[in-house]
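Just below is one structure, and these are the notes that go with it.
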Amino acid sequence: MLRGRDLLSLMEFKPDEVIMLLEMSKSLKARYHAGEIIVPIHAGKTAILIFEKPSTRTRVSTSVAAYQLGMNVIVTSAQELQLGRGETVADTARTLSRYVHVIAARVYSHSSLEELAQYADVPVINLLSDKFHPLQALADALTLWEKKGKLSGLKVAFVGDVGNNVAASLAVIGSKLGWEVRLIGPRQLWRNDISKLSDDADKTGASIYQSDSLEDVKGVDAVYTDVWVSMGFEKEAEERVRLLRPYQVDGRVMSLAGPQALFMHCLPAHRGQEVTDDVIDGPRSVVWDQAENRLHTAKAALAALTP
Ligand code: CP
Ligand code: NVA
């Protein structure tokens, strides 16, 4: 059903297709922990992972996932390819399609991924763009499913830079799974594309809304935060830190949320900025489970999409 498809934002997947990817992730994780690490369903095929920006979790989890599916993996910076000397994205896509079975990329501009997808004959997977981080959202949903015992009807508050890629992908997956997603941050950083991100809400009962009040963390299943200055936004650092300082997730915010609330972060964290050490290292933090789940969800995505 998903074979050969691109994964650029998750918006292109129906709710039942997202659930299928999560069920596959859960099953691959169970098999992994039972000792069945290698599931060579794509033996002999090749994945290329292209990075315009740094990465630890995505680079390693996606590479390991591909190896565990029996694939060969090429990891490269964009700079090392002729792309770095001005070869077009379209010509790169056409060329790579003759060698590899899947192209995954982390890019500054989401439009580069769209162009890759337009000209490639093989699936293109988003490893993070300025707009979306869909593989992260899959890992986040798997983590919440494990911790809260359900996939739908969850309430999640994203606190901080509500305009960023991770917040967008959380809203998209929440809309597919019937969540209440509260995007809490300063009005200056509010998004104007909420209705697009929540286009499945009518079908799933999801609600996605923005607020500038930390009071809105009350009663959520999880409080999620991310860095205040995403990669590519360094020029705006000073202004963002000024706007976001009141939105640090500390012990007080977690108390306001209530004892049922987990703490989530996609990592890397700027400790002492968007989150305090006591919260990220505290008993309600599930950040290492999120990080582990990047492996199992990447494996499911590659397993399902690779032709
Ligand atoms: N969460 C995440 O994507 O981490 P990396 O930037 O280390 O890949
Ligand atoms: N929003 C962050 C996520 C890093 C995984 C960034 O884009 O830098």
field: Neighbourhood net charge (12 Å Cβ-Cβ; Lys/Arg +1, Asp/Glu -1) for GLN68
entry: +2
query: Rounded to the nearest 500 deg cm²/dmol, what is the calculated helix-only ellipticity per residue at 222 nm for the chain, with -39500 (n - 2.57) per DSSP H run of length n ≥ 4?
result: -12000 deg cm²/dmol
- prompt: Measuring from centroid to centroid over Cα atoms, what is the spacing of the stretch 6-59 and the stretch 179-199 in Å?
  reply: 27
Qualifying lysines (Cα of each under 24 Å from Cα of LYS45; at least 8 residues distant if same chain): LYS26, LYS29, LYS299
query: What is the local net charge at MET11, summed over the other residues whose Cβ is closer than 11 Å to its Cβ (Lys, Arg +1; Asp, Glu -1)?
result: 0
query: Mind listing which GluC sites (Glu not before Pro) in the stretch 1-74 are in a DSSP loop and have 13 or fewer other Cβ atoms within 10 Å?
result: GLU12, GLU36
statement: Filtered pair list for the stretch 116-229 (Lys only, Cα < 26 Å, 8 or more apart or interchain) has a length of 24
message: Are there DSSP H segments in the chain that both extend 24 Å or more along their axis (alpha-carbon positions) and score a mean Kyte-Doolittle hydropathy of at least -0.5? List them, or say none.
response: 15-33, 287-305
- prompt: Do any trypsin sites (Lys or Arg not before Pro) in the stretch 22-120 lie in a DSSP loop with no more than 12 other beta carbon atoms within 10 Å, and if so, which?
  reply: ARG98
task: Using a cut-off of 14 Å between beta-carbons, work out the net charge of the residues near HIS101 (Lys and Arg +1, Asp and Glu -1, HIS101 not included).
output: +2
statement: In the chain, taking the dipole from +1 charges on Lys and Arg beta carbons and -1 charges on Asp and Glu beta carbons about the Cα centre, the listed residue (ILE208, ILE173, THR225) farthest towards the positive end is ILE173
message: Using the crude model of +1 on Lys and Arg Cβ and -1 on Asp and Glu Cβ, and no other charge, please compute the dipole size for the chain relative to its Cα centre, in debye to 20.
response: 540
message: Taking 45 Å as R0, compute the FRET efficiency from the Cβ-Cβ separation of ILE37 and ARG94 and round it to 0.05.
response: 0.80
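All of the numbers you see were taken from the coordinates with simple rules; none came from a lab. All figures in this text were calculated on a predicted structure; none of them were measured in a lab. Cβ atoms come from the backbone with ideal geometry, glycine included; neighbour counts cover every protein chain shown.
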